[in-house]
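Asks: Have a look at the structure that comes next, please.
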Amino acid sequence: MEVRYLRLIKAIVEEGSITRAMDVLYLSQSALSYQLKEAELQVGTPLFFRRNKKLILTPVGKKLYATANKVLRELDAAEDEIKKMMNGETGVIRISTECYTSYHWLPAVLKKFKSEFPNVDIEIVFEATHKPIEKLLEGELDLAITSNPEHADQIEFIRLFSDEMLAVVSNQHPWASREFVTAEDFQDAALIIHSLPLDTVSIFRTQLTPKGINPKKLIILPLTEASIELVKANMGVIVLANWALQPYLNDDIKAVKITPEGFFRQQYIARIRDRKYPVYFDYFIKFLREEIKIDSHSKRIV
């Protein structure tokens, strides 16, 4: 059945008379009557009973009226979204991550996104790095990239990818000759981390803290490049994602598995569960997932 017939049925029912339906549909009485006759011929049965100049839905008409409500609602919503996209919907997306190294995905995503939504601004909130979930709940962010799915009753977590975390050591370090290390091995290590608090650090949150393990020494250094230099000098070890490690791999350092099975971290994009987001948010998430998938082929994200 053609969409115009669904709109015709809906208008007649909801306006309550042929005259008012004519005004809504911008049709003459003869044109409306002709379309109604065409609709009934197409279906093969009357859609309305004619009683005392009133039109009352037949059982088939009631079915088509219910269908018209559903189909036209979805069609109108789709047309509205398309118009907004074509006319240049405006807005802003405020985003942050829990790790500075994660920002390397964003330039390619921003380029693709801006070509589709030139009037939507992307604000990277660097101040919220390391605490994106807290800032998301406080309303200072719209989206957060995180590996810590906390407050799940308030926040929706959309899976992005899983990456393997590796212990990075000097080639002179005792671990360099090992196939893997365990959580217990970190008790005697000088461990380099990017920031506090410890519950935001993956190796602590999932491997060390649950077993009550504390490294012999803790070095807090927010710069990956500086951390790698300490590792090269055999002054500490650091745990990095395999994709973050790739630019620094050379003969001076060695990457070692954590546990025989490997230590994997799930990354998510988080947003407020009950909030109604404009359609461009879904496109941003789609482009982000596509970029990470492409990047995974070159950076060996598991």
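The values are calculated or read from the model by the stated rules, or taken from the named source; none is laboratory data. Bear in mind that the values here come from a model prediction, so they are computed numbers and not experimental data. Glycine also receives a Cβ, built like all others from the backbone with ideal geometry; neighbour counts cover every protein chain displayed.
Asks: If I filter region 179-201 down to residues being crowded, with 20+ Cβ neighbours inside 10 Å and not aliphatic (A, V, I, L, M), which single residue comes out as nearest to E134 (Cα to Cα)?
Replies: Filtering region 179-201 for residues that are crowded, with 20+ Cβ neighbours inside 10 Å and not aliphatic (A, V, I, L, M), the one nearest to E134 (Cα to Cα) comes out as T200.
Asks: May I ask you to list pairs of residues, at least six apart or on different chains, whose Cβ atoms are under 7 Å apart, with the first in region 142-159 being without any contact (Cβ under 8 Å) to a residue 60 or more places away in the chain and the second being surrounded by 14 or more Cβ atoms within 10 Å (Cβ to Cβ) and of a type in the set (K, R)?
Replies: Here the result reads N148/R205, each pair linking region 142-159 to a residue that is surrounded by 14 or more Cβ atoms within 10 Å (Cβ to Cβ) and of a type in the set (K, R).
Asks: Also, I was wondering about something else. Cβ-Cβ under 7 Å, sequence separation 6+ or interchain: first residue in region 172-184 and free of Cβ contacts under 8 Å to residues at least 40 places away in the same chain, partner aliphatic (A, V, I, L, M) and not in a helix (DSSP H, G or I). Which pairs?
Replies: The qualifying pairs are E184/I213.
Asks: Next question. Would you pick out the residues in region 226-251 that are buried (at least 16 other Cβ atoms within 10 Å of the Cβ) and over 19 Å from W175 (Cβ atoms)?
Replies: Passing the criteria: only W243.
Asks: Going by the structure shown, is K62 modelled with pLDDT under 85, surrounded by fewer than 16 Cβ atoms within 10 Å (Cβ to Cβ) and over 30 Å from Y283 (Cβ atoms)?
Replies: So K62 fails the test.
Asks: Take T182 and decide whether it is under 18 Å from the mean Cα position of the chain (by Cα) and closer than 30 Å to L230 by Cβ.
Replies: For T182, the condition - under 18 Å from the mean Cα position of the chain (by Cα) and closer than 30 Å to L230 by Cβ - is not met.
Asks: A further question follows. Inspect all residues belonging to region 141-156 and state whether any of them is over 13 Å from A270 (Cα atoms) and either crowded, with 20+ Cβ neighbours inside 10 Å or over 17 Å from the mean Cα position of the chain (by Cα) (or both).
Replies: Checked region 141-156: no residue is over 13 Å from A270 (Cα atoms) and either crowded, with 20+ Cβ neighbours inside 10 Å or over 17 Å from the mean Cα position of the chain (by Cα) (or both).
Asks: List the pairs whose first member sits in region 213-227 and is charged (D, E, K, R), whose second member is surrounded by 15 or more Cβ atoms within 10 Å (Cβ to Cβ), and whose Cβ atoms are under 6 Å apart, counting only residues at least 6 apart or on separate chains?
Replies: K217/A190
Asks: Name the residue that is farthest from the chain's Cα centre (by Cα), counting only residues in region 40-54 that are at negative phi and surrounded by fewer than 10 Cβ atoms within 10 Å (Cβ to Cβ).
Replies: Result: R51.
Asks: Still on this structure, I have one more. Inspect all residues belonging to region 162-176 and state whether any of them is hydrophobic (A, V, I, L, M, F, W, C), part of a helix (DSSP H, G or I), touching a helix residue (DSSP H, G or I) at 6+ places or on another chain (Cβ under 8 Å) and surrounded by fewer than 20 Cβ atoms within 10 Å (Cβ to Cβ).
Replies: Yes, the conditions are met somewhere in region 162-176.
Asks: Output the number of residues of region 206-226 satisfying the condition of being farther than 27 Å from P149 by Cβ and basic (K, R).
Replies: Counting residues in region 206-226 that are farther than 27 Å from P149 by Cβ and basic (K, R) gives 2.
Asks: Further question on the same structure: Going through K254, K217 one at a time, which residue ends up being surrounded by 19 or more Cβ atoms within 10 Å (Cβ to Cβ) and not β-branched (V, I, T)?
Replies: On inspection, the qualifying residue turns out to be K254.
Asks: Continuing with this model, one more query. State yes or no: is L223 under 30 Å from D121 (Cβ atoms) and at pLDDT below 90?
Replies: yes
Asks: Report yes if F284 is closer than 17 Å to K111 by Cβ and at pLDDT 90 or above, otherwise no.
Replies: yes
Asks: On to the next question. Return the residues of region 31-55 that are hydrophobic (A, V, I, L, M, F, W, C), in contact with a helix residue (DSSP H, G or I) (Cβ under 7 Å, 6 or more places away or on another chain) and without any contact (Cβ under 8 Å) to a residue 40 or more places away in the chain; say none if nothing qualifies.
Replies: Once the filter is applied, which keeps residues that are hydrophobic (A, V, I, L, M, F, W, C), in contact with a helix residue (DSSP H, G or I) (Cβ under 7 Å, 6 or more places away or on another chain) and without any contact (Cβ under 8 Å) to a residue 40 or more places away in the chain, region 31-55 yields L32, L36, A39, L47, F48.
Asks: I've got another one for you. Which one of the conditions (1) of a type in the set (K, R); (2) out of contact with any helix residue (DSSP H, G or I) (no Cβ under 7 Å at 6 or more places or on another chain); (3) assigned to a helix (DSSP H, G or I) does R159 fail to meet, given that it meets all the rest?
Replies: Against the list (1) of a type in the set (K, R); (2) out of contact with any helix residue (DSSP H, G or I) (no Cβ under 7 Å at 6 or more places or on another chain); (3) assigned to a helix (DSSP H, G or I), R159 comes up short only on (3).
Asks: Here is a further query. I need a count of the residues in region 1-22 that are modelled with pLDDT of 85 or more and over 44 Å from the mean Cα position of the chain (by Cα).
Replies: Number of matching residues: 2.
Asks: Which residue is surrounded by the most Cβ atoms within 10 Å (Cβ to Cβ), if the candidates are limited to region 6-19 and must be touching a residue at least 40 places away in the same chain (Cβ under 8 Å) and under 16 Å from S30 (Cα atoms)?
Replies: Filtering region 6-19 for residues that are touching a residue at least 40 places away in the same chain (Cβ under 8 Å) and under 16 Å from S30 (Cα atoms), the one surrounded by the most Cβ atoms within 10 Å (Cβ to Cβ) comes out as I9.
Asks: Output the residue which, of all residues in region 122-136 that are more than 16 Å from the chain's Cα centre (by Cα) and surrounded by 13 or more Cβ atoms within 10 Å (Cβ to Cβ), is modelled with the lowest pLDDT.
Replies: H130
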